[in-house]
Each structure stands twice: as C-alpha cells, then as structure tokens.
Amino acid sequence: MNEVTRILSDLANGKGHAAERLLPLVYDELRRLAAAQMAREKPGQTLDATALVHEAYLRLVDAKPQAASWDGRAHFFAAAAEAMRRILVENARRKKRLKHGGGRRRVPLEDVAAEAPPDDLLALDEALTQFAEEDPVKARLVQLRFFAGLSIEDAAECLGLSRATAVRHWTYARAWLYEKVRSGEKDENP
Amino acid sequence: MSPEADRVESIFAAALAKTSPEERATYLAEACADDDALRQRVDALLRASDEASGASFLTTPHTPAAAPPSEGPGTRIGPYKLLQKIGEGGMGVVYMADQEHPVRRRVALKVIKPGMDSAQVVARFEAERQALALMDHPNIARVLDAGTTDSGRPFFVMELVKGVPLTKFCDDDRLTPRGRLELFVPVCQALQHAHQKGIIHRDVKPSNVLVTLYDGKPVPKVIDFGVAKALHQPLTERTMFTAFGTAVGTLEYMSPEQAEVNALDVDTRSDVYSLGVLLYELLTGTTPLTRQRLREAAYAEVLRLIREEEPPRPSTRLTQSGEELPAISARRQTEPARLAKLLRGELDWIVMKALEKDRARRYEAASGLARDVERYLNDEAVEACPPSAGYRLRKFARKNRALLTTATAFALLLAVGVGAVTWQVADRRREREAAATKARQALQSALDEAEAALKADRPADVDTALDQADQRQLDADAHDLRERLASVKKDREMVRRLEKILEQRWSLSAKERTLDASGAKAQYAEAFRGYGLAVGDEPAEAIAEAVRPSRIAGVLIDGLGEWFFLDPKQPGLQTLLDKLDPNPFRSAVREALAADQPDRLRELVAKADGTQWTPGFAAALGLHSALPDPERRRILQTAWDSHPNSFSLALTMSLQPSGFFASRESAKELAGWCRTAIALRPRSAVAYFYLSRALWGSKDQDGRVRALRKVVQLAPEFARAHALLGTALVSKGDLDDALTPLRKAIELDPGNRTTHSTMAVALARKGDWHGAAESLRRARASLPEGRVDTAITDNNPDDSYEEGFLDGVPQILLTGSRIPIGLMQVGRPMEAFRFCQELRGLTTSDDFVYSDTNSYNAACAAALASSGQGLDAPPPAERPAVRQQGLKWLTADLAAWRKYAAADPVKKDQITHKTMNHWLTDPDLTSVRDEAELAKLPGEERAKWQHLWADVKSLRERTRPRELLPPPAGVK
C-alpha cells in the first residue's frame, strides 16, 4: 500500500534503478523535514543530516521486517543522499540569486537559512559532479556520507565496499574535491 | 576511472601511508620519476588532503551526529520523547518533551543529571516532586508524572510552562506599574497556596516566576520548588539538604533569616521577603541589594548585608538611579518624575513592610501582601504604613544597645507608641473628607497628563492617563471636567481611528494595498467627517481654522496627508493641505501628485534636503510607487535623521523592498527598524507583524513566533497573523500548539486555502487523517475552478511570501497522496475512496509518481470499501459503483506500468515484474481478484476483472527477468 515500501520491496533484488522512482518521494519528505528542522535550529547549529534521513526513513518506509532488508535500505539511502544534495543545492542557488538581487524581492518561505554559505555548497556540488564523471563510486561515497550523514561503515556497506577501502576512497575523494573547490575559488578571486 | 587517475590515486595513497616527510619525499621522487605533471597533481592532492582535514572539509555542516549523551533530544523516557533542553540547574536538567500516550501533549521533564544521582540529590529531587504533587493552583506548574529512567535516575514530568521571567516579561511588554502589580498579585496567591500545603519555596526570584500567555492573557506561573521545604513534616525521611552552612537560594532574593549561618529556622515569611524583593525589582528595576554590590562583596559580607542593611525605599532608589532612570521609566511607560511620585507613599510602605528584616513585622502571609497590593490597586487604604517614629527609635535602640539603657528605651517607646495610635485615627477621618477634593485634583492632573501626551503623540500614556481619569468618581457639578474629559477622549478616538486605517493598510500586501485603496479612501473621508471635518463640503479655510488649534493638529494633518497620497484628486484636500502645511516644497510635491506628473515629482524629490520632510510626508512618499527604491530609501533615511522618534518612519523603513533582499545583514537591519518601531509604540500590532516578517528567514524562529503571538494578542481579529503563527509553529514541529491559531484563522477567514492546507499538513503529521482530508477538501473548495494546476500558476511568489505558505502548492498533492493511505490504515477505506475520487479529478499531472501511486492506492481503497471492509463500508447498493471505479483505476494504472516497462525494457522489467507480483498477492485486492469472489459478480463486470488479471499476469510473465541476480553479500 505504501509506495516507498512497495518500491523498496520490489527492488530487493534489483540494482541501480531505485533512485528514479524513489527520489521524488524521498525528496519531498526530506524537504519538508529539512525545512522544519532548519526552522527549529538555533543559530550556529548545523543540519543533522543523519537524523533527517533516518526520520524520513521511518516516515516513508513501513516498519514491516521484510521491507527493511539491507538492500532496500541501501537504495533508500542512495535516494536520500541525492535528494538531500538537491535540496541543499537548490536552496543555495536560490539564496545566491536573491543575494545578487535577481529573481524576486522577497524571501521565499522555504528558504530557511541554516546551512553553509551558498557559494561553498554550489562549488562543492559542481566539483562533485565532475568527480562523479571521473570516479562514480567515490562520488557516491561522498554523497552518502556528506548528504545523507552515513557513517563510513554504513556507507561502505551500501556500496558493497570493505571499510578499509571506503576509508581510502574517502581520503582521496576529500583531497580531490578540496583541491577542486580551492582552485575554483582562486580562479574567481585572484 | 582512467588509468592516469588510477595512478595518481595509488601514488597519493602510498605517499599518505609514509609517516615521515622525508620518507614521503623520497617515495614521491621515485614514484613520479620525471613526470612533472604527475608530481604536481599528487602534491596538490596531498596538500589539499592536509588542509581539508585541518579545515574540517566535508565534516560540516552535515556532521553525522556524535554519540548521543545518555539523554538528549530524541531520547525516549517511558512514554516521553525528549525534545530540546530548556533548563539546567546544578542537579537536574529540564527538557521539553512530547508525551505520546495515553494523551498526546507537550510537557517539561526534569531528570537528574548523570553522575549527580547521589542519595542527597535524589532526596532533594524527590522532595521537589512530592512538594509539587501536593499543590494544585493555576499559578503553579503542576506535576503530571514521575518515574525512573532505564539507568535508574529519577525524573518527573511537569506541566510545560513556556514563559519568560516575570521581570523580563514586564520590561519587554513595557507594563505600567499598575500592570506589574496586577501580575504580582497571583504570584503571592500561588505562594500562599504552597504555604497552606506546608511548602516553602525558598527560592522566589524572577526566573522562577514565568509569565505565559493563555488566550492572550498573561498568567504568571511559579516554578522550581527545587529547594522547597516542607513545613510540618519531612517530605522524605532523609531530610533534604543544604549542606550545613551553605545557603540555598539566590542571594539577591534571600531573606535575612536564610542568610543566617545556621539557616534552619526558615518559615513562610521568608518567601514573603523574597516576594518583597521581587516587587521592589518590578517597580524600580533593581533589587534592594544590587547585583553589582553583591558581586563586589565577599560572601560573608554579602550575608551580613542581607541580614543588616536597610535598603532604600523604592522611590528613593528610583531617584538615585541617575542616568538609568529614563530607561527604567520608559519600560514602565511612565514619565520619570511621575514614576517616583507614584511609588512614594503607599507602594513604598507595602514594599518596605515585606522587606522588614524582622519577620515578625512583615506581612504574616503572602496573602496579606497580595491583599495590600489589591487595596492599593482599588484605591483603598493599605495596611502597611510608614515606619513610625517609634519604630525608628526602636531600631535605633536595637542598633545602639550599648548606648541606651533598657529603661530609657522602654519609656520612650511607650510614649511614642500611644501618640502614634491617636494620630492614625484622626488621619482616617481626614482622609474621607479630603476624598472628594482629591478625586477632582487627581482627575485634573490625569487630564493634564492626557492632553500633554496627546500633543506629544504618546498614545500609550494618553490611555494610562485616561484610565486613571475614568477611575475617579466625579461629583455631580464637575461639568467642566466632564466636558474636558469627553473632548480628550474624542481626540484620542480620532487618533486611534487614523492609526487603525494606516495599520490596516500596512498589514496588507502590496497587491492587496492597491486593491484596497478605494476602501481606505472612504475610511478617511468617513473618519474626518465623523470628527466634524467635512472636507470638500466646507470651505478649506473653515476646516483649517478648526484643525489648527486642535490638540492633535499634527496627527490630523498627517492623516489628511495620508488620505491625499491615496487620493490626490479628492476635492478640497490639496487646498486644505496647502493651507495647513504651507511649505513651498511640499505644496509643489502635492501639485505634482495631483497633476499626475511623476517626472516632476522625481525632480522635486531629488533636490529635497532633510529640513523639508515631516515624518508623515516622508513616510507616505517612501511608499510611493512613482519613485525608485534607492530614492525612497534616501528620503526615509534623511527624514529619520531629523525625526528619530517617528514611528511611521521606522515602520516604513522596515517596509523598504531593498530590505527584503535575502542578505542576512539587511534582514537584521529590517528587524532593527521593527524593534525601533516597537520601542516607540509597544502596543502596535503592525510593528510586531513586521518584526515577524523580518525574522522569517532568520534563525530566530522562536522570536518570530513570539512576535506573531504578540500580534494576535494585540490584534485578535487579524486572520493572517493567526495563520502565520500556525504556519510558523507547524514549521517548528509544534503541531499541537499550531492548531489553535490555525482554527482561529479559519474562523476569521474561512475561504483562505493556504490556511486550510497548512491545517491539513498539521493534522496529517499528527496522524489525524480524517481531519487532514477534511481540511484539504476545504482548501481545494476555494481553489479557482477547483484545480490544483491552476493553483500552481496562481501561486505567485509575492503571495506565497505574503501568505506564508508552508511549502508551495505541491504540498497539497503530496499530502493528498498520503491521506488515502492513512485513511485505509485507520480503517476508513470508503473515505479514502471518496478522497481519491476528488484527488484524481483534480490533478491533470501525468507525473508517474503521483498518478501511479494514487491510482493503485485508490483501487485498493475501492476494493476494500466495496467488499464491506473497514469501519465506513458503504451500503450494499452503492458497492458495485465503487468497485467499478476501482476497476477503472487499476486498469489505468496497469496501462501506466506497461508504458513504463516499455520505455526501457532492460532496466524497468524487474520493477514491473515485482510490481505485478505484488498486485497478484496484495490482500487489499482479494475481493476483486479471487475467482470465488469474482464468481459473485455480474457476468459483464466479472469478465472485465478477469481480463484485467490476465493482463497483469501476462505483463508479469513478459517482464520476468531471465535470471535473478544472486542476493548481494551480507543479506540475511
């Protein structure tokens, strides 16, 4: 009956197609949760992605045991990470547009501020897109960790990697992205 | 991954594994050999890696939560789910928590801190709980429950008091002394109640008296009986404790007996003393022993001061407060001189009686103090009296025992004591005789005050003075005074009326303002006519003659000006204003407006300097659409520089569109202007409304909610404010709190779809599917042509801001698609069916996610309802139609799945296959799938169902994966 549970259980053995059907649902739920959470946060606190994603999971997925197979969860988190990324990037874009005086005059309601400065996030998003072309697995690892707040162990399991490999990937990905973001900054502000 | 990238990565990883810089350098030189580009790339990455970990790159802002503390937001204790921490004392932590059963409500949960659960602390904690449980008073937070956590630490649950400390509330709200006293009385009564139950609070101070709004009325609640002590019997066997010699309580509010080294002898009068300190602070802004003083003195000295030092009377303290005085007075909406005068006499006596060092001379009970304050408020003679000469002598004797012999002292006492009694009797009689004269004088001075305040545009002071005037009984022949009173009231009323027109316009969105212009014009015309100024009918000069000498001439001229800006062509208005306001510049501007010459207007304004603006004129022009933003800002800023006390300027500043650009700084600036406006006019709903708007995108959501609460308190009929308050609370997740304002908003403005959808969201999140469906239905009933897609285009950005829509219109769809599922889960498939029927008719979107899931869910609902399942099964006669509708939906969904599978056979087959499998096994559909069930249906319909299921099976077979992938490693 529940669409997410259905998609997940349907996909228990499938690979890779989950996000496209799951994403819109997870996206909407996360966006709502994020707005609620960001509105609640005190200044200086950060968005707790883990809690958000976890809550979205509880809300969207039936607690029936057969639905909660690990494979289903992996799909869910992949979708959640992607959704989270879109939410934040979208917010950052809008914020940037507003800052430059474009778009409309008044602040749209969803634009509840509690995240990184828009430029940082947009730069990261761009770098991550490039990185995904070069190395999709590591890019997914970053996405799971940074946007869905998964621990290195959980992210490793989602991607079918050993912990050691995941740590190695993570270190490399972080350096790669940092280097990219920094050199981008330098280009813009000589 | 390209071979090249691969190589970079493996060298990078190997280099990182080297522990010393030397090793690393050697390795890199060797691994990269002559490949400079490679070496540069690896170096850059290594540097980035170092810097990235230094800069916590990718660890913020999306940090995975750290290991949770033993308790914290999110933890469950019994049926309670902890939300945020709201207080922390030495031994315990107080959380806001949600109780989930047997009732859903928000509570305060106090739990002993980990590591603090010593026997002593547990005893004290237990004592507090028992003490609270004994009491039942509207001004005391009630205990609802108690227990121990999984780790064995005790906790108890109290009514959640969402309030601010008494003194802060009074200052923030700029309560007058009278308002403060009115709030103080119930605090005394609460403590009286505790005293009657045998409980002494022992730590009465502002932060333990929280003021919260119930139905817009401030209600003080006494909290934290944390150091309370039972009077008659020990509340626990292990008497609670304050380690020997350590004073418990907060020094500023501590009674002399509590400051004794062995403070065992403490009774209810100790709380009376603390109440006295509280009252002292409410009136003067400082405690008798100031914080400053307490900070400077050593602990033993502090205790001595508490025991021995006579504090100055409140009125004396006030006059000594020097440069603080204007601020203190402003927070009490009273002129400095009047404030001191107000305190002198009765209030001084009441406070000083509560603050007696010798408790036998204090009020016997908290109720005595309350009664005396009430007597003062009712203009009755108070019980407290000035310390008599005899008393002062006694004090002198006590302090200088060595100098006086006992005998001399006794003789003196006796003589003076008799005299004092006689004097008091005579005084009572004289008092009665003087009452009439006193009333007249009081009225006269209240009227003087009111007139002065009217002229100075201090409306709050006018009201205070008029209140006082109204309380005076007038004798029959006081015609002159009565007339004067009526005339002042009429002026006040006019000020209020003009203000209201303006506020009403200010509270509208730009779009609505345009629509409303004609209404406002009529309101102005009517207001002035009602006041006796028939603009356009009478000659301008005659009207000008009437306006000039008025007490409120300034306000009238501003009002006429506002009206003119709305309607420059109103007959007679321009001439009248030219007479009343004969400034050549402003006349020229008016001319340009009346003649509809925007170019001329811009030209004039560009040349203007600060001296030519009046606040009203500048404020009106600052909103004029013919001028560009920067120009308007400049006008307002220039005008503000020379009129820094103008409410309308401050408010208009906060309306400047440039302020709405999303930069944090300008939002802050905006909020600043609003706060300035509030400081100038603390009762202005619109100023709070703007503040709530300014805070809207900020992190200070609590501040935003507070501002909105203030708006609804001040303007209870303002539907939009109720709606926004509800929306803000929903956004914060305070679902229960959100319902009241949302209901109120709907009551006031039943056709507002935004409010209905916000309500639907709130109810859906609470699990009230039925209510959510109902709200959503109402929301849609008000949509243009009842269509969601129209609403999406209709939802212009300006409106969505203005209306504070939670999440845009798609929310309707999303909530809509979840509601049928919720309804089925609560056993109401028929309602789900009806809902789907509406929802399906409403959306033309062929977005797969929405249409697919809705069709399937709708078909499930139809199957369940038509087979008589659930709590709301339709009568048998209606069932075939429901079932047939289900058939249509399922058929449509099947078509969608076919299309979906066809779009990408390789990728999508498995999903489709699984889905069809689900269809063939879903118990919800049994009644329309089982052969035995289908056999009961009429032949034609049966054939259709059979046909459908054959198609489902064939699609399942067609999409059957050739070989299922083996389950991935790690799956159980």
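Numbers below:
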quantity	calculated
Average other protein chain Cβ within 10 Å of Cβ, residues B:42-53	5
Packing-based exposure ordering (other Cβ within 10 Å, fewest first) of B:His193, B:His770	B:His770, B:His193
Nonlocal amide H pairs with B:Ala146, under 5 Å, H built at 1.01 Å	B:Val157
Dimensionless Rg over Rh [region B:121-166; C-alpha; Kirkwood]	1.02
Efficiency of FRET from Cβ geometry, B:Asp467 and B:Ala546, R₀ 30 Å, rounded to 0.05	0.60
Amide hydrogen neighbours beyond the local backbone of B:Ile77, cut-off 5 Å, H modeled	B:Leu82
Which of A:Cys158, B:Cys385 has the fewest Cβ neighbours within 10 Å, and the rest in rising order	B:Cys385, A:Cys158
Overall Cα dimensions of region B:547-594 - principal axes, largest extent first, Å	30, 20, 14
Phi to ³J(HN,Hα) by Karplus 6.51 cos²θ - 1.76 cosθ + 1.60 over region B:445-450, Hz, x for Gly, Pro	6, 4, 5, 4, 4, 4
Neighbour-count ranking [beta-carbon atoms within 10 angstrom, fewest first] of B:Tyr690, B:Tyr214, A:Tyr172, B:Tyr253	B:Tyr214, A:Tyr172, B:Tyr253, B:Tyr690
Net length gained if the chain between B:Arg375 and B:Asp136 were fully extended (0.36 nm per residue, minus Cα distance)	83.4 nm
Estimated FRET transfer efficiency (B:Glu22, B:Lys81; beta-carbon r; R0 51 Å; 0.05)	0.35
Extended-chain gain in nm, criterion 0.36 nm per residue less alpha-carbon gap, B:Glu538 and B:Arg307	75.8 nm
B:Asp736 paired with B:Ser10, simple spin-label distance in nm, labels 7 Å along Cα-to-beta-carbon	6.3
Kirkwood Rh (inverse of mean 1/r, distinct Cα pairs), region B:512-584, angstrom	12.4
Built amide H within the under 5 Å cut-off of B:Glu383, gap 5+	none
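Every number here is computed from the coordinates shown, using simple stated rules; none is lab data. None of these values were measured; they are calculated from a predicted model. Note that we place each Cβ from the backbone using ideal geometry, even for glycine, and neighbour counts take in every protein chain shown.
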